[in-house]
Amino acid sequence: ASTLGAQAAVTGRYFGTAVAANKLSDTTYSTILDREFNMITPENEMKWQTTEPSRGSFNFGPADQIVSHANSHGQRMRGHTLVWHSQLPSWVSAITDANTLRSVMDNHITQEMTHFKGKIYAWDVVNEAFADGSTQHRSSVFQNVLGNGFIEEAFRTARSVDPAAKLCYNDYNIENWSDAKTQGVYSMVRDFKSRGVPIDCVGFQSHFGSGGPPSSFQTTLSNFAALGVDVQLTELDIAQASGTAYANTVRACMNVSRCTGITVWGIRDSDSWRSGDSPLLFDSSGNKKSAYNSVLQAL
Ligand code: XIL
């Protein structure tokens with residue numbers, strides 16, 4: 001096939017990108033989006049600071065724009081993200097009472113998932129809960145006020161709201177099998193599966209340096225998949241966009257049957273949160289870079 005989405009679909013996978021609502025009116029942007037990609041993750045529009053900027057007052061407008069674009073162009077959606085320490089309004093981080101925070105977290109999950117019910121293929125229920133260089137959770141208002149159980153609480157709540165959506169744990173720096181952080185997340189998923197805590201997938205953000213993925217990446221993906229979860233590359237970008245590094249990344253996914261799809265974190269280099277690294281598949285004018293061809297070939 002001649003596009004990323006169509007080629008990924010040959011093996012039942014998807015190829016997605018992060019989308020910003022305010023760029024949908026840029027026709028260079030939307031032309032590439034609708035030609036190449038069949039899965040969309042809102043880059044910021046489903047984050048807590050946007051969707052519930054003050055307690056109990058919800059704003060789904062920007063995300064609705066993206067969902068409606070996806071609906072009319074045959075694209076599926078990943079929901080990103082329900083519980084995260086970052087891009088979190090200060091009214092949430094200021095909560096010190098556990099009962100209050102638990103009901104605020106559960107209400108946020110319930111309201112947001114209910115609003116988008118039936119329109120989201122997979123939710124990043126909890127994002128980046130583990131500390132770098134450690135097997136333990138990072139400090140956050142959720143961890144500090146609710147304790148270790150907050151992740152399980154979030155997943156159980158999410159399942160009860162939309163039983164049809166896949167529920168993912170998403171993180172970065174969990175691509176190298178021997179890293180402590182990878183082992184910490186692996187132990188959590190193994191524990192969840194053994195106790196029946198609902199979890200369906202693990203998202204590997206895959207924000208790589210110029211060398212691309214660690215050599216153990218495929219091992220990591222297949223070890224997680226063996227626990228009984230899908231794995232996905234959820235925010236891929238690679239400094240300098242070397243074709244070899246991109247091809248190695250795509251092959252790691254293709255070689256694991258439960259690796260169900262790949263999402264790059266933006267369309268053109270100028271759209272990237274790391275634009276100084278030129279890490280994406282299209283240049284700032286929207287032309288295909290050589291890494292694009294490497295990816296298409298590896299799919
Ligand atoms: C980034 C967005 O790309 C930026 O526009 C925003 O300013 C900060 O967040 N991990 C994640 C993503 O899970 O949500 C982040 O996205 C990048 C790191």
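The values are calculated or read from the model by the stated rules, or taken from the named source; none is laboratory data. Predicted model only: the values in this text are computed from it and were never measured. Every residue, glycine among them, receives a Cβ derived from its backbone with ideal geometry; neighbour counts consider all protein chains shown. Note: areas computed on protein heavy atoms with side chains; ligands, DNA, RNA excluded. Shrake-Rupley method; radii C 1.70, N 1.55, O 1.52, S 1.80 Å.
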Give the residues of segment 69-87 that are more than 13 Å from the chain's Cα centre (by Cα) and more than 12 Å from the ligand (Cβ to nearest atom), sorted by residue number. His69, Ala70, Asn71, Ser72, His73, Gly74, Gln75, Arg76
For segment 6-28, give me the residue count where each residue is within 16 Å of the ligand (Cβ to nearest atom) and under 27 Å from Met254 (Cα atoms). 4
Subset tally (residues that are within 13 Å of the ligand (Cβ to nearest atom) and either basic (Lys, Arg) or within 13 Å of His207 (Cβ to Cβ) (or both)) for segment 258-277: 8
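Quick check, is Phe60 away from the ligand (no atom under 14 Å from the Cβ) and under 17 Å from the mean Cα position of the chain (by Cα)?
Criteria not met by Phe60.
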Can you find, within segment 158-206, the residue that is farthest from Arg258 (Cα to Cα) among those that are touching a Lys or Arg at 6+ places or on another chain (Cβ under 6 Å) and open to solvent by 10 Å² or more (accessible area, probe 1.4 Å)? Asn173
Can you list residue pairs whose Cβ atoms sit under 7 Å apart, with the first residue in segment 258-271 being under 19 Å from Tyr29 (Cα atoms) and in contact (Cβ under 8 Å) with a residue 60 or more places away in the chain and the second being open to solvent by 10 Å² or more (accessible area, probe 1.4 Å) and more than 13 Å from the ligand (Cβ to nearest atom)? Count only pairs 6 or more apart in sequence or on different chains. Arg268/Asp283; Arg268/Ser284; Arg268/Gly286
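Listed here are the residues, each with its yes/no results for (1) among the hydroxyl-bearing types (Ser, Thr, Tyr); (2) modelled with pLDDT of 95 or more; (3) in a loop (DSSP other than H, G, I, E, B).
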position: Ser30; (1), (2), (3): yes, yes, no
position: Arg35; (1), (2), (3): no, yes, no
position: Asn44; (1), (2), (3): no, yes, yes
position: Gln49; (1), (2), (3): no, yes, no
Mind checking which residues of segment 207-230 are within 16 Å of the ligand (Cβ to nearest atom) and either aliphatic (A, V, I, L, M) or buried (at least 17 other Cβ atoms within 10 Å of the Cβ) (or both)? His207, Phe208
Within segment 233-255, is even one residue surrounded by 24 or more Cβ atoms within 10 Å (Cβ to Cβ), within 16 Å of the ligand (Cβ to nearest atom), at positive phi and outside any helix (DSSP H, G or I)? no
